[in-house]
Amino acid sequence: MSTIEKFPVSGKVAPEFEPVREAFTANFTRRGEVGAALHVTVDGVPVVDLWGGAADAAQTRPWTPDAIVNVWSTTKGWLALAMHMLAGQGLLDFDAPVAKYWPEFAQKGKDTVLIRHLLTHTAGLPALSMKVPQDALYDWTWMTGSLEQSELFWKPGEQCGYHAGTFGWLNGEVLRRISGMSAGQYIRTQIAAPLKADVCVGLNTAEQALTAETIPPSPLAYRIFRLALALRGRMALAAFSNPQRSPMLANTRRWRQAEIPSSNGHASARGLARIYTLLAMGGEVDGVRLLSEAGVELASREQVHAKDVVVGMPVRRTLGYMLPEGGPADPRPLTAFGHPGMGGSLGFADPSKRLAMGYVMNRMVFGPDMRSAELSRAVYACLNA
């Protein structure tokens, strides 16, 4: 039985976007959705605001419009925005060595790593070069100190490989050195607060009460995922498991309270879409400007198009964001930019259409997953009708 029989789809859509409601409902009836929300804006105006299903695996709580959930790597887009904001304020130079802001980082031949390498996943540090204990995951000083001591896996700029976990500690430490704030503090005070967006890295007690339960993939799917990484080699496996950032951790208080800005951001669909509405509108929405129009153009500009040596797939990357590859699996136009999250979530902006979308869900899928693609397809079909 679909969860929407117990907790029906709620919310509003503009009349011309009614097919999006149908696509959202179909995710529950055809694709195993448990709980989810979708928010879409055009020209800064909401045209889709939907939620439905259950906020927990036992299906005892309905999803609510203010429910937040772990969105995994979708968090990276918020950290990228923070870095672009620093650059726009003249506090950060993308072409400067990381060691200019973080002198201790220059050890072990890392003096040639540039800020742009951190943001484009070309730095050569997709994983630590030494093993660290699992508890290091929650210790910022331990992780950044280990990155200082790590050796590079390749010469900066020569390859692109997904810095799945290290992206957060690397960029977050540069952010901290410049602003004096942790990534979570910066996102909360400089991005979420002025935009009135429900996004956060490091939850307080009130936010924990609003958090939907993450439903991990099946044990078999997770084993297949791990095996695929192992077959790609030690570096690929270490990028995701040293220390381990398992879906099984997502519902623990320790995970939710920590600041792991590559992986443990929490957001509502409205909050996620709000951030990308800013980017879709040239850096300003409702009188709040966080980036210049030139800054948004730079954030959306392709910097790398290559086969990712960690995940083994072709990728297009900007300074901090991902671009669509095109094709049936991703119906978005090449002008869209944003970031997906492990298991299914997605946030993106399309400045050419002045469109933004935020999709969050609690049932993680490893393997073929068309939920966000079908939602995107429906949105663009309505927009272009």
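The values are calculated or read from the model by the stated rules, or taken from the named source; none is laboratory data. Bear in mind the structure is a predicted one, so any value in this text is a computation, not a measurement. Cβ: placed from backbone, ideal geometry, glycine included. Neighbour counts: every protein chain shown.
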**Report entry** Identity of the residue in the stretch 22-62, buried (at least 17 other Cβ atoms within 10 Å of the Cβ) and of a type in the set (S, T, N, Q), that ends up nearest to G358 (Cα to Cα)
**Finding:** T41
Query raised in the report: Which ones in the stretch 325-340 are closer than 18 Å to K76 by Cβ and either out of contact with any strand residue (DSSP E or B) (no Cβ under 8 Å at 6 or more places or on another chain) or assigned to a strand (DSSP E or B) (or both)?
Result: D330, F337, G338, H339, P340
Report task. Taking the residues in the stretch 224-245 that are under 30 Å from T60 (Cβ atoms) and surrounded by 15 or more Cβ atoms within 10 Å (Cβ to Cβ) as candidates, determine which candidate is modelled with the lowest pLDDT. Result -> F225
Report task. Tell me, please, whether a residue that is more than 20 Å from A82 (Cα to Cα) and not in a loop (DSSP other than H, G, I, E, B) can be found in the stretch 159-172. Result -> no
Report task. May I ask you to list the residues in the stretch 112-158 that are under 19 Å from G320 (Cα atoms) and part of a loop (DSSP other than H, G, I, E, B)? Result -> V113, T120, H121, T122, A123, G124, L125, P126, A127, P156, G157, E158
Query raised in the report: Which one of the conditions (1) in contact with a Gly (Cβ under 9 Å, 6 or more places away or on another chain); (2) surrounded by fewer than 19 Cβ atoms within 10 Å (Cβ to Cβ); (3) small (G, A, S); (4) over 18 Å from G344 (Cα atoms) does A221 fail to meet, given that it meets all the rest?
Result: (4)
Query raised in the report: Which residue pairs have Cβ atoms under 6 Å apart, sit 6 or more places apart or on different chains, and have a first residue in the stretch 233-258 that is assigned to a helix (DSSP H, G or I) and a second that is crowded, with 17+ Cβ neighbours inside 10 Å and of a type in the set (V, I, T)?
Result: A236/V310; A239/V310
Query raised in the report: If you take the residues of the stretch 354-366 that are assigned to a loop (DSSP other than H, G, I, E, B) and in contact with a helix residue (DSSP H, G or I) (Cβ under 6 Å, 6 or more places away or on another chain), which of them is surrounded by the fewest Cβ atoms within 10 Å (Cβ to Cβ)?
Result: R354
Report summary line: From the option list A230, A221, A197, single residue qualifying as farther than 22 Å from N251 by Cβ and in a helix (DSSP H, G or I) is A230
Report summary line: S2: passes all of (1) farther than 17 Å from C382 by Cα; (2) in contact with a Lys or Arg (Cβ under 8 Å, 6 or more places away or on another chain); (3) buried (at least 17 other Cβ atoms within 10 Å of the Cβ); (4) not aliphatic (A, V, I, L, M) but (2)
Query - Where a residue in the stretch 120-135 is in contact (Cβ under 8 Å) with a residue 60 or more places away in the chain and its partner, wherever it lies, is of a type in the set (A, V, I, L, M) and assigned to a loop (DSSP other than H, G, I, E, B), with Cβ under 6 Å and at least six apart - result: P126/V310
Query raised in the report: Looking at the stretch 171-189, which of its residues are within 16 Å of Q257 (Cα to Cα) and of a type in the set (A, V, I, L, M)?
Result: A183, I187
Query raised in the report: in a strand (DSSP E or B) and either of a type in the set (D, E) or modelled with pLDDT under 95 (or both): does that describe D56?
Result: no
